[in-house]
1. Regarding the chain, what is the average projected area of its C-alpha convex hull, in nm²?
2. Please report how far the C-alpha centroid of segment 1-26 lies from that of segment 106-124, rounded to the nearest whole angstrom.
3. Which of rounded, prolate or oblate describes segment 1-77 when judged by the alpha-carbon gyration tensor and an a/c cut-off of 1.5?
4. Do the sum for the chain: with -39,500 (n - 2.57) for every DSSP H run of n ≥ 4, divided by all residues, what is the mean residue ellipticity at 222 nm, to the nearest 500 deg cm²/dmol?
5. Take residue 144 and residue 13, extend 7 Å from each Cα along the Cα→Cβ direction, and tell me the distance between the two endpoints in nm.
6. To the nearest 10 degrees, how steep is helix 11-28 against the longest Cα principal axis of the chain, on a 0 to 90 scale?
7. Report, in degrees rounded to the nearest 10, the 0 to 90 angle that the Cα long axis of helix 121-144 makes with the longest principal axis of the chain.
8. What do you get for the angle between helix 51-63 and the principal long axis of the chain? Use alpha-carbon atoms, 0 to 90 degrees, nearest ten.
């Protein structure tokens, strides 16, 4: 399977992509735990059907030490006992923030209260930003049908610098 359009072979798209990747670098400097970021990005990517991002965030999480049990249970996190209450709040926010078209109210007050209970203001700012950024990335990859399977952890490490 080939992508409809290779964003890495278009000069304008590469310029955009470097700035986009720079936002991800900024998020990695936030106080939000890296594990939480990866779980949130994986869940949003699953919902959006973004195969490339599911592949990327599963492999990045594994490379960061995340267990296969937890990664395999992200899609059914409500029924799984392997996530902390803070992670559950983040996953609920990721789902509700991703499914905006499915719920007229967006993120529920209950979910927001759980997020406020478990995260600092800086962590919340990062969490909201992660949800927004991964949804944008999912949309770009789904639109061009970027295929999954070839991602290797760290393969875009030099992308922003170049």
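Where a number appears in this text, it was derived from the coordinates with a stated rule and is not lab data. In this text the structure is predicted, and so the values were computed from the model without any measurement. Counting neighbours? That spans all protein chains shown, and the Cβs are built from the backbone with ideal geometry, glycine included.
1. Average projection, Cα convex hull of the chain: 9.8 nm².
2. Cα centres, segment 1-26 to segment 106-124: 31 Å.
3. The shape class here is oblate.
4. -20000 deg cm²/dmol
5. 0.3 nm
6. Around 30 degrees separate the two axes.
7. For 121-144 against the chain, the angle is about 40 degrees.
8. The angle comes out near 70 degrees.
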